[in-house]
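Enquirer: Provided herewith is a single structure, encoded as structure tokens, for subsequent inquiry.
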Amino acid sequence: MSKKISLTLIGNNPKPAKIHDLVKAPANTPWAKEKQQSWDANKPATVYVTPETLPDGTPCSAVTVILRTKGCHWWWSSGCTFCGYFNDTRDDVTNENLHAQWNSAKEKYDNFTGQQMVKIYTSGSLLEDREIPIEFQETVLRECHEMGKELIVESRCEQLSEEKLAWATSLNPSFTVAIGLEAYDDEVLRFHVNKGFSTKSWDKAVENLRKFNLRVKTYLMFKPPFMSEKDALDHGVRWIRDVASRSDEISVNPMNIQRGTIIDRLHRHNEYRPPWLWSLVEMIKQAHPHIYPEGGVNGSPDQICRLIIHPTAGGKIRGAHNCGSCDKFVVAAIERYAVSGDLREFEGLSCECQSIWQAELALESALPLPLGISQPRRGNRIENLRSL
Ligand code: SF4
Ligand SMILES: [Zn+2]
């Protein structure tokens, strides 16, 4: 009699599947390949304008240019467990294409006349020569300096060597580097995120950035895969505390589910629920004293760095969410806090669903449940509990 085979997340092979294989599988599917080829390599993925704040606290207008690139070299060899950028890349983008994209973005917003800040995102690292031709890195650095714009670029840690930064600052002496650190915890970086670098490499990168007087923006991930809500809350507060004094700005990104990722697969199997908005509020309340030791607000003399939380897809099933009826008020309060740094933004917020959230946290503190017990908002709650 043949043995019944059932498909599980880790497969049925005698050798356990590596996280690497799970990360890579969807990128090679026909739908992913087809999507990649469908992009116009001469047009940026998106260009849009948002309100922002300059380093000195002045409100300004910022243009974000998301370029269509070859993607991230870490993705080529492995990749992070939640990264869906492969959906937006094309592996044959050239220097000419990137220049055409840059010109098209400038054209759309009249050479960025009305914007003081320019954010360039490349689904990887702008300063990585294998991903972005050096001529194009030079164009962005030089032109933003010549136009007098506050520039923000993204990078992994390994590109931020003294040599590279000496070259970059010779073209543009003052810009911000945003690093997707995700977690200040080597175990989480390795087993939950598959980040491919350690906290030590972040320490070194920040040390180098400081040497060249560059600004540091640190992205932290709230609730990476394979983590319960309670652990996410405790870790989130600790990571903010650990990186605050070495960052100019911390941006906490609550997990949102991107297509074809490991986290997408866990989510569809009811093994992962994006974070509760209540957890974000609680994290802010607990982390606030690490940012403002004297109880200040944004701009106060005691402020150590800026803390920003922007719940992408907040209130939606694939983003941080609550019960569905209180979501928009809680998202609005979190976004107001990112601007004001004032805990009074959360005064008066309450909803019946808070008791469910609190019960989940209490249970997760008492029971050894690595994936947590929080249930998605979709579907029937009783059926979901039965499937545990
Ligand atoms: S380093 Fe960034 S771009 Fe590269 S795989 Fe990880 S999240 Fe994606
Ligand atoms: Zn609610």
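Enquirer: Here is a list: ASP342, ASP264, ASP327. Which entry is on the phi < 0 side of the Ramachandran plot, within 14 Å of ligand 2 (Cβ to nearest atom) and of a type in the set (Asp, Glu)?
Expert: Numbers: ASP342 fails: within 14 Å of ligand 2 (Cβ to nearest atom); ASP264 fails: within 14 Å of ligand 2 (Cβ to nearest atom).
It is ASP327.
Enquirer: Looking at the stretch 211-221, can you tell me whether even one residue there is within 13 Å of ligand 1 (Cβ to nearest atom), charged (D, E, K, R), under 15 Å from the mean Cα position of the chain (by Cα) and farther than 21 Å from SER279 by Cβ?
Expert: Filtering the stretch 211-221 for residues within 13 Å of ligand 1 (Cβ to nearest atom) gives 219-221.
This time we only want the ones that are charged (D, E, K, R), so: none.
The answer is no, given that none of the residues of the stretch 211-221 is within 13 Å of ligand 1 (Cβ to nearest atom), charged (D, E, K, R), under 15 Å from the mean Cα position of the chain (by Cα) and farther than 21 Å from SER279 by Cβ.
Enquirer: Still on this structure: Does the stretch 306-318 contain any residue that is away from ligand 2 (no atom under 16 Å from the Cβ), surrounded by fewer than 16 Cβ atoms within 10 Å (Cβ to Cβ) and part of a helix (DSSP H, G or I)?
Expert: Pass one, the stretch 306-318, residues away from ligand 2 (no atom under 16 Å from the Cβ): 306-310, 312-313, 318.
Applying the additional criterion that residues be surrounded by fewer than 16 Cβ atoms within 10 Å (Cβ to Cβ) yields 310, 312.
Subset that is part of a helix (DSSP H, G or I): none.
For the stretch 306-318, residues away from ligand 2 (no atom under 16 Å from the Cβ), surrounded by fewer than 16 Cβ atoms within 10 Å (Cβ to Cβ) and part of a helix (DSSP H, G or I): absent.
Enquirer: Given (1) modelled with pLDDT under 80; (2) among the charged types (D, E, K, R); (3) surrounded by 17 or more Cβ atoms within 10 Å (Cβ to Cβ), where does ARG68 come up short, assuming only one miss?
Expert: Against the list (1) modelled with pLDDT under 80; (2) among the charged types (D, E, K, R); (3) surrounded by 17 or more Cβ atoms within 10 Å (Cβ to Cβ), ARG68 comes up short only on (1).
Yes/no matrix, rows are residues, columns are (1) within 16 Å of ligand 1 (Cβ to nearest atom); (2) more than 23 Å from THR312 (Cα to Cα):
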| position | (1), (2) |
| --- | --- |
| TYR48 | no, no |
| PRO59 | no, no |
| ILE66 | yes, no |
| THR81 | yes, no |
| THR89 | yes, no |
| ASP92 | no, yes |
| ASN95 | no, yes |
| HIS99 | no, yes |
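Enquirer: Let me ask another. Check off (1) under 22 Å from the mean Cα position of the chain (by Cα); (2) assigned to a helix (DSSP H, G or I); (3) free of Cβ contacts under 8 Å to residues at least 40 places away in the same chain for ASN87 and give me the number that stays unchecked.
Expert: (3)
Enquirer: Identify the residue in the stretch 153-183 that is in a loop (DSSP other than H, G, I, E, B) and crowded, with 20+ Cβ neighbours inside 10 Å and, among all such residues, is nearest to ligand 2 (Cβ to nearest atom).
Expert: First, pick out the residues of the stretch 153-183 that are in a loop (DSSP other than H, G, I, E, B): 156-161, 172-174, 183.
Remaining after also requiring crowded, with 20+ Cβ neighbours inside 10 Å: 156-157, 159-160, 183.
Details: ARG156: 37, CYS157: 39, GLN159: 42, LEU160: 42, ALA183: 28 Å.
Among them, the one singled out is ALA183.
Enquirer: I'd like to verify a number: residues in the stretch 101-135 that are out of contact with any strand residue (DSSP E or B) (no Cβ under 6 Å at 6 or more places or on another chain), among the small types (Gly, Ala, Ser) and buried (at least 16 other Cβ atoms within 10 Å of the Cβ), how many?
Expert: Residues that pass the stated criteria total 2.
Enquirer: Based on what the data block shows, is ILE240 within 17 Å of the chain's Cα centre (by Cα), surrounded by 23 or more Cβ atoms within 10 Å (Cβ to Cβ) and within 17 Å of VAL177 (Cβ to Cβ)? Steps first, please.
Expert: On the way: within 17 Å of the chain's Cα centre (by Cα): yes; surrounded by 23 or more Cβ atoms within 10 Å (Cβ to Cβ): yes; within 17 Å of VAL177 (Cβ to Cβ): no.
Answer is no for this residue.
The values are calculated or read from the model by the stated rules, or taken from the named source; none is laboratory data. Computed from a predicted structure; not experimentally measured. With ideal geometry, Cβ positions are generated from the backbone for all residues, glycine too; neighbour counts draw on all protein chains shown.
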